[in-house]
Amino acid sequence: MRNSGGGLVYSTDGGRMCPACRRPVAQCTCRQAAAPASDGIVRVLRETKGRGGKAVTVVRSVPVDAAGLVKLGQELKAACGCGGTVKDGTIEVQGDHIDKVMALLKQRGFQVKRAGG
């Protein structure tokens, strides 16, 4: 017998599929339940690993739901005048915009810390 270690990864109807609950990622219920508890401090850092030396500002541990995270990501990208994405509970803004992102998050009432070097 063959061990079925995988499953449906992508569907043309729903896009990427969650391996745990077998639903489209946008409708995944297990990811929301398994969200790590945050200490209430938003961490902002600059990453270059795996990006060909290009800097990306990463925002982690934002204490909002998935829809709020997407909305906040759109606001940060618009304020910085650049692109970015929201994935795996983090917001990624293209470029080195740590100071601007931290100021905007403080205006919104979040407790913000700069992480990394």
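For region 61-83, enumerate the residues that are among the hydrophobic types (A, V, I, L, M, F, W, C), more than 12 Å from the chain's Cα centre (by Cα) and in a helix (DSSP H, G or I). Working first, answer last.
If we filter region 61-83 for residues that are among the hydrophobic types (A, V, I, L, M, F, W, C), which is where we start, we get 62, 64, 66-67, 69-70, 72, 76, 78-80, 82.
Okay, now just the ones that are also more than 12 Å from the chain's Cα centre (by Cα), so 76, 78-80, 82.
76, 78, 79, 80, listed by residue number.
Name the residue that is nearest to residue 113 (Cα to Cα), counting only residues in region 45-74 that are among the polar types (S, T, N, Q) and surrounded by fewer than 16 Cβ atoms within 10 Å (Cβ to Cβ). Give the derivation first.
First, the residues of region 45-74 that are among the polar types (S, T, N, Q): 48, 57, 61, 74.
Pick out the ones that are also surrounded by fewer than 16 Cβ atoms within 10 Å (Cβ to Cβ) and you get 48, 74.
Numbers: 48: 19, 74: 21 Å.
Step by step, filter region 45-74, then rank; the result is 48.
Each row is one residue, and each column tells you yes or no for (1) in a strand (DSSP E or B); (2) in the same structural domain as residue 100 (by TED's automatic domain parsing); (3) among the β-branched types (Val, Ile, Thr); (4) at pLDDT below 75.
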site	(1), (2), (3), (4)
13	no, no, no, yes
19	no, no, no, yes
44	yes, yes, yes, no
49	no, yes, no, no
53	no, yes, no, no
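Which condition does residue 58 not pass, out of (1) part of a helix (DSSP H, G or I); (2) under 25 Å from residue 19 (Cβ atoms), if it passes all the others?
Unmet for residue 58, out of (1) part of a helix (DSSP H, G or I); (2) under 25 Å from residue 19 (Cβ atoms): (1).
The values are calculated or read from the model by the stated rules, or taken from the named source; none is laboratory data. Because the structure is a prediction, the values reported are computed rather than measured. Every residue, glycine among them, receives a Cβ derived from its backbone with ideal geometry; neighbour counts consider all protein chains shown.
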